[in-house]
Amino acid sequence: MSAQSGSKKQRVAILGSTGSIGVSTLEVLALHPNRFEVFALTASTQVDKLLQQCVQFRPAFAVMATCEHGQELARRCKALGLPTRVLCGSAEITAMARHEQVDVVMAAIVGAAGLASCLAAARAGKRLLLANKEALVVGGNYFLQAVASGGAKLLPIDSEHSAVFQSLPDDQATWAAQIDKIILTASGGPFRQRDPASFADITPDQACAHPNWVMGRKISVDSATMMNKALEVIEAHYLFGVAPGQIEVVIHPQSVIHSMVQYLDHSVIAQLGTPDMKVPIAYGLSWPQRMASGAGALDFRAMAGLTFEALDANGHRARFPGLALAWSVLAAPAGTTAVLNAANEVAVAAFLGSQIRFDQMHAVNLETLSSVQPAAPGSLEDLLELDAQSRDAACRVVARLAH
C-alpha cells in the first residue's frame, strides 16, 4: 500500500534539487509532511542552497556532482550536526535513483547529464517523475524499453505533457484508438512579436526574461527560440505513442491552457491552470489522486481573454525556425534526436557565454545535424558516445562562428 492510501510515507529522491523544478518539488512536499519523506537530494554546484535544503528537510543522503563540492557540503553538514550522509559523483547520483528505499524519483537534472540516473530509476521500477525531457529525446525507444522492463511508472512533469496526460483516459491501451491529435501550446516566449531582423542584438538576459514562467537559464533560452517546443514534440511522440504528424503546436500567449487532446470525434479536452510548475509536480506525486499544490487558482473573472496564433501566421516560422527540426529528426534515422539535443545544449551554452549570437544557435543545430550520421543506439554507452560526438561537432561550429 502507498502513501496515497495513507499507510506509509513515500520516500522521494530529487535529482537536481537546487534547480527551479527541484525547489518547487520541495515546496509541494513541505505541504504534505505526513505523506512524503525527502530521502535524497542531489545538486551540481550550489552548496549553499543544498545545505539550506538539508537543514529544512534532513534527508538521509545528499549528493554533489563533484567531490570538491561534496567535501565542502559534508564539512558544513557536520558542523551543523545534521544526520545527512553526503556523497559525491555521478555514480552516487545514479545510485540514489535506484536506491531500494526510494519510492519516487523526481528527475530534474537538466540535459543529457540526467540520462544515466533516469535509466537507473526506470530499471529499478520507481515512480519516475520526468522533468528531464532529454531522457526521452536522447534515449527514445531505448529509454522506453528500460521503463517497460523495470515496471516503472513514468509520469510527465513538463506542464504540456502533464496536461496531455491529464486529458487522456486512464487506460493507456485505448489511447491510439481514440486520439486524433495532440495539441501542444506554446507561449511564444519573450520574442513572439519581435522583428526577426533584430535577433542578432538579443542579449542572454533578454532571452532569459520569460513573460510567464520562472525557469532556469537554459530552458529559458530554449523557450525564447522555441527549441523547447521542438524537444517537447519529440517527447510527446515517445510518451504518448502518436505519429509525429499527429502532434501540432499552437501559440497561446497567456499560458493558461497547457495543452490539449483532440479525439477522433473532434471533441477536445484541455487542462487549464495558472503557469506554476507546482501543479504538474503535485499531480505526479499524488497520481491517480490529486492533492494541494500550493499554486494559485485561476480567476476566470479576471481574465481578459485567451488567444491563439498559428505558427504559419505573423512571421512565426521566421522567428522560430528550430521548431520544424522536431519533425525532421523524428523522420531521420534513430539517434538523430540525440544529435539535435546535444547540438542545442552546446549552442545555448555558447550563447549564454557570449560566444555566439542569439540568431546563430539555429545554424549550430543545422550544421551539427548535417555532419553527424548516427547509428541506432543499443546501450547507454552508445548514447553517451553519440552525445559526445555530437557535442564535439557542435563545438567546432561554435568555434568557427565565434571568429
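So the values come out like this:
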read-out	value
Correct option for Kirkwood radius over Cα pairs in Å [calculated from the coordinates] among [x] 21.7; [y] 22.4; [z] 23.5	[x]
Accessible solvent surface per residue of the chain, calculated while the other protein chains remain in place, 1.4 angstrom probe, Å²	41 Å²
Fraction of accessible area attributable to carbon and sulfur, the range 260-403 (%, probe 1.4 Å)	56 percent
Per-residue HN-Hα couplings for the range 244-253 [Karplus 6.51, -1.76, 1.60; θ = phi - 60°; Hz; x = Gly/Pro]	x, x, 8, 10, 10, 10, 10, 7, 9, x
Proximal lysines to residue 49, defined as alpha-carbon separation beneath 20 angstrom and excluding residues fewer than eight positions away on the same chain	78, 218, 278
Antiparallel DSSP beta bridges within the chain, percent to nearest 5	25 percent
Alpha-carbon Debye profile of the range 151-216, log10 I(q)/I(0) at 0.14, 0.27 Å⁻¹	-0.65, -1.27
Ellipticity estimate at 222 nm from DSSP helix runs (n ≥ 4, -39,500 (n - 2.57)) divided over the chain, nearest 500	-13500 deg cm²/dmol
Descending semi-axes in whole angstrom, ellipsoid equivalent of the range 273-403, from the Cα gyration tensor	35, 22, 16
For the chain, cysteines whose Cβ has no other cysteine Cβ within reach (under 4.7 Å)	54, 77, 118, 208, 395
Carbon + sulfur, % of accessible area of the range 3-110 - ligands and nucleic acids excluded, 1.4 Å	49 percent
FRET E, pair residue 67, residue 205, Förster distance 41 Å, beta-carbon r, rounded to 0.05	0.80
log₁₀ of I(q)/I(0) at q = 0.09 Å⁻¹ - the range 16-158, Debye sum with one point per alpha carbon	-0.25
Total charge dipole magnitude, the chain, about the Cα centre, Cβ charges on Lys, Arg, Asp, Glu only, Debye to nearest 20	1080 debye
Overall dimensions of the range 63-120 by Cα: Rg and Dmax, Å	12.4, 35
Given the chain, longest segment not containing exposed loop trypsin sites (Lys or Arg not before Pro) (DSSP; at most 14 other Cβ within 10 Å)	9-289
In Å², nearest 10: area of residue 182 left accessible to a 1.4 Å probe	0 Å²
Surface accessible to a 1.4 Å probe, residue 240 within the full protein complex, Å²	10 Å²
Heavy atoms of residue 31: accessible area, 1.4 Å probe, square angstrom to 10	90 Å²
Cα-based Rg and Dmax for the range 247-302, where Dmax is the largest Cα-Cα distance (Å)	13.1, 36
Stokes-Einstein D in µm²/s, Kirkwood radius over Cα pairs - the range 83-164 at 20 °C with 1.002 mPa s viscosity	169 µm²/s
Residue-by-residue Karplus 3J(HN,Hα) for the range 170-183, coefficients 6.51, -1.76, 1.60, Hz, glycine and proline x	5, 7, 4, 5, 8, 4, 4, 7, 10, 7, 8, 7, 9, 10
Coil-residue GluC sites (Glu not before Pro) of the range 91-196, DSSP, other Cβ within 10 Å capped at 16	100
Nonlocal amide H pairs with residue 10, under 5 Å, H built at 1.01 Å	3, 36, 37
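The values are calculated or read from the model by the stated rules, or taken from the named source; none is laboratory data. Worth saying up front: this structure is predicted, and the values here are computed from it rather than measured. When we count neighbours, we look across all protein chains shown, and the Cβ atoms used for this are built from the backbone with ideal geometry, even at glycine. What goes into the accessible areas is simple: the full protein's heavy atoms, side chains included, and nothing from ligands, DNA or RNA. Shrake-Rupley method; radii C 1.70, N 1.55, O 1.52, S 1.80 Å.
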